[in-house]
Amino acid sequence: MTRSHVILIQACKFSLITEKYKERYPYPPFGLICLANILKMNGYDVTIIDLYLEPLSKREFVKKLTQSKRPLLIGISSYTDSILDAYKIAETAKEIYYDVPIIMGGPHVSFMFEEVMKDCYAVDFCCLGEGEPVLVELLEYLQYGVPNLKDIYGLVYRNSLGQCIANPKRGFIDSLDIMPFPWFSEKVQSIIREGEGFVFVSSRGCPGECIFCASRALSGPKYRCHSAEWLASLIYYYYKLLSFKMFGPLDDTFTANRIRLKKFLSYLKILEINIPWSCKSRVDVIDGELVEILYKSKCISVHIGVESGDDEVLKSIEKRITVEKVLKAITLLASKGIRAECSFIIGHPSDTLESIERTLILADKLDKCGVAISVMGICTPFPGTKIWNRLKLYELQYGLKIHTYNWRLYDLGTPIFSTNNFTLDDLRRAFFYFNYLRKTGQILPLLTKYNHSNYIKMIDDYLSIIHKIRSTNEDEVNQKNDV
């Protein structure tokens, strides 16, 4: 028998502003799903409102809340670009359930909780980091008065004087296998059945130190992952239930633990799950052995974060790779017919117009060679990242200047800062060219008169190798077909 009802809401940019706004977001809110599963294990009835998957106007949102069972607690999760909309959600929910406490969490809140508590008085609590144990203990407090609020690590609250009190942070969940399988709504299940594929998250924490990413600060430097047994069981369960045609883990470093990867894939073979899949990896772990493992298991694409086409910039953003290593990794993948999906970022603090040009050249050539797809964003100083924590240093070092703190613009597509070496307009032009103009056949407009001939030759040399490999592979396939 369930004890009480909890409503969990995934905030979305422009939530509740207009009925016409519809943004298709292909992934379910795994953070809230994990929270919901733990709460259900503890006897709570949980409703998830995912405003990405189900965009609602304010009127529709109010109707959904009023038709819902009265909750003991309302939880809201938000990213940086949707935090202002999360405030509106909290305020709207408070108008309906004025005496129901609201807790807010997510990446932005974990680092900016003081601002959140100051700017949105509808928020009663903030959660720092992983929320599963925090929510369980908070619900126990709301029902029974124990434990005391000050003893719930990872919780931020207001005392009787209205002062913001932040408890010590809680340690990370070490063994993720204690978590139950994620349970997806009927709507998400129908999307998977219709051919979107099955996606999941199998780890937390990141061994990388990239200055533009807050993952390490949020989830810790230790790579914590579900076991191969847990993961294979998850795939098998949903494969039998939903009959999906492909799957793809969303982990940034799915291939980091090679022993787990081998065991996981061997279990899939035993379970006779022989379908295409894709994953994300890092350039510095891709070698011949890994590519062979991926190829034999029907992996069709690998996403890698390249981030820059300039070695000095790559060093400054602590990426631990070089352009040549990127090209070697893509060549290895192409040798087995595996497509590389490369993401780039322009406007790093150390970028110059010349280095941005090199990034555009590399991304453009990879995209047009037919063996890789390139996507490009603009460097954004999210709270919790090393960039955010080093703003004063970068101001002295590069003349970095933040031009806006309107969180809605922190969307990876809007320039936020300039330096002595580039302006906001420089970034707008480069971004607009790569994502729009070049698709109409327009030639890359160089930002400087710098001669990139040697750089272009290095790229072309690797691409010629890739083309030879592809031609050889195609000839072998044709010969087999002729036989």
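The values are calculated or read from the model by the stated rules, or taken from the named source; none is laboratory data. Everything numeric here is computed off the predicted structure, so don't read it as measured data. Glycine gets a Cβ as well: all are built from the backbone with ideal geometry, and neighbour counts include every protein chain shown.
Within the range 394-415, the residues that satisfy the criterion of being of a type in the set (A, V, I, L, M), free of Cβ contacts under 8 Å to residues at least 60 places away in the same chain and not in a loop (DSSP other than H, G, I, E, B) are LEU396, ILE402.
Let's see how each residue does on (1) crowded, with 23+ Cβ neighbours inside 10 Å; (2) under 23 Å from the mean Cα position of the chain (by Cα); (3) not in a strand (DSSP E or B):
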{"residue": "VAL291", "(1), (2), (3)": "no, no, yes"}
{"residue": "GLU312", "(1), (2), (3)": "no, no, yes"}
{"residue": "ILE321", "(1), (2), (3)": "no, yes, yes"}
{"residue": "GLY337", "(1), (2), (3)": "no, no, yes"}
{"residue": "ALA340", "(1), (2), (3)": "yes, yes, no"}
{"residue": "PRO349", "(1), (2), (3)": "yes, yes, yes"}
{"residue": "GLY370", "(1), (2), (3)": "no, no, yes"}
{"residue": "ILE387", "(1), (2), (3)": "yes, yes, yes"}
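All conditions but one from (1) over 16 Å from PHE431 (Cβ atoms); (2) among the charged types (D, E, K, R); (3) in contact with a Leu (Cβ under 8 Å, 6 or more places away or on another chain) apply to GLU307; the one that does not is (1).
Evaluate the range 49-59: report whether one residue or more is under 16 Å from MET104 (Cβ atoms) and of a type in the set (Phe, Trp, Tyr). Checked the range 49-59: no residue is under 16 Å from MET104 (Cβ atoms) and of a type in the set (Phe, Trp, Tyr).
Given the condition in a helix (DSSP H, G or I), out of contact with any helix residue (DSSP H, G or I) (no Cβ under 6 Å at 6 or more places or on another chain), closer than 29 Å to SER233 by Cβ and not small (Gly, Ala, Ser), answer yes or no: does some residue in the range 142-160 qualify? No: zero hits. Applying a threshold of 6 Å to beta carbon distances and a minimum spacing of six or more residues, or different chains, the list of pairs starting in the range 381-393 at a residue that is closer than 14 Å to GLU209 by Cα and ending at one that is β-branched (Val, Ile, Thr) reads LYS386/ILE211; ILE387/ILE211. Taking the stated definitions as given, is LEU271 more than 25 Å from the chain's Cα centre (by Cα), in the same structural domain as CYS210 (by TED's automatic domain parsing), of a type outside the set (Gly, Ala, Ser) and modelled with pLDDT of 95 or more? Here the answer is yes, as LEU271 does meet what is asked. Filtering the range 395-415 to residues that are within 11 Å of HIS348 (Cα to Cα) and in contact with a helix residue (DSSP H, G or I) (Cβ under 7 Å, 6 or more places away or on another chain) leaves LEU400, PRO415. Residue count for the range 368-404 satisfying the condition of being in contact with a strand residue (DSSP E or B) (Cβ under 6 Å, 6 or more places away or on another chain) and either polar (S, T, N, Q) or closer than 21 Å to ASN454 by Cβ (or both): 1. Which pairs turn up if I take residues in the range 1-12 that are buried (at least 24 other Cβ atoms within 10 Å of the Cβ) and look for partners that are among the acidic types (Asp, Glu) and at pLDDT below 90 with beta carbon separation below 7 Å, at least 6 apart in sequence or on another chain? These pairs meet every condition: CYS12/GLU23. Taking the range 72-82 as the range and being part of a helix (DSSP H, G or I) and either out of contact with any Asp or Glu (no Cβ under 9 Å at 6 or more places or on another chain) or of a type in the set (Gly, Ala, Ser) (or both) as the test, only SER82 passes.
Pairs under 8 Å by beta carbon, first residue on the phi < 0 side of the Ramachandran plot in the range 202-226, partner part of a strand (DSSP E or B) and of a type in the set (A, V, I, L, M, F, W, C), six or more apart or different chains? Close Cβ pairs (under 8 Å, with a partner that is part of a strand (DSSP E or B) and of a type in the set (A, V, I, L, M, F, W, C)) amount to SER202/CYS225; SER203/CYS225; ARG204/CYS225; PHE212/ILE345.
Considering each of ARG408, ARG429, ARG390 in turn, give the residue that is assigned by TED's automatic domain parsing to the domain that holds ILE465, among the basic types (Lys, Arg) and touching an Asp or Glu at 6+ places or on another chain (Cβ under 6 Å).
Values: ARG429 fails: touching an Asp or Glu at 6+ places or on another chain (Cβ under 6 Å); ARG390 fails: touching an Asp or Glu at 6+ places or on another chain (Cβ under 6 Å).
Result of the check over ARG408, ARG429, ARG390: ARG408.
Select from the range 22-41 the residues that are in contact with a helix residue (DSSP H, G or I) (Cβ under 8 Å, 6 or more places away or on another chain) and surrounded by 15 or more Cβ atoms within 10 Å (Cβ to Cβ) and list them in ascending order. Answer for the range 22-41, where residues must be in contact with a helix residue (DSSP H, G or I) (Cβ under 8 Å, 6 or more places away or on another chain) and surrounded by 15 or more Cβ atoms within 10 Å (Cβ to Cβ): PRO28, CYS34, LEU35, ILE38, LEU39. Of all residue pairs spaced 6 or more apart or on separate chains, those with beta-carbon atoms under 9 Å, a first member in the range 121-136 that is modelled with pLDDT under 95 and a second member that is in a helix (DSSP H, G or I) and of a type in the set (Ser, Thr, Tyr) are GLY129/SER110; GLY129/SER219; GLU130/SER219.
Quick one: count up the residues across the range 49-86 that are aromatic (Phe, Trp, Tyr) and within 21 Å of LEU412 (Cα to Cα).
If we filter the range 49-86 for residues that are aromatic (Phe, Trp, Tyr), which is where we start, we get 52, 61, 79.
Within this subset, residues satisfying the condition of being within 21 Å of LEU412 (Cα to Cα) are 52, 79.
Within the range 49-86, residues that are aromatic (Phe, Trp, Tyr) and within 21 Å of LEU412 (Cα to Cα) number 2.
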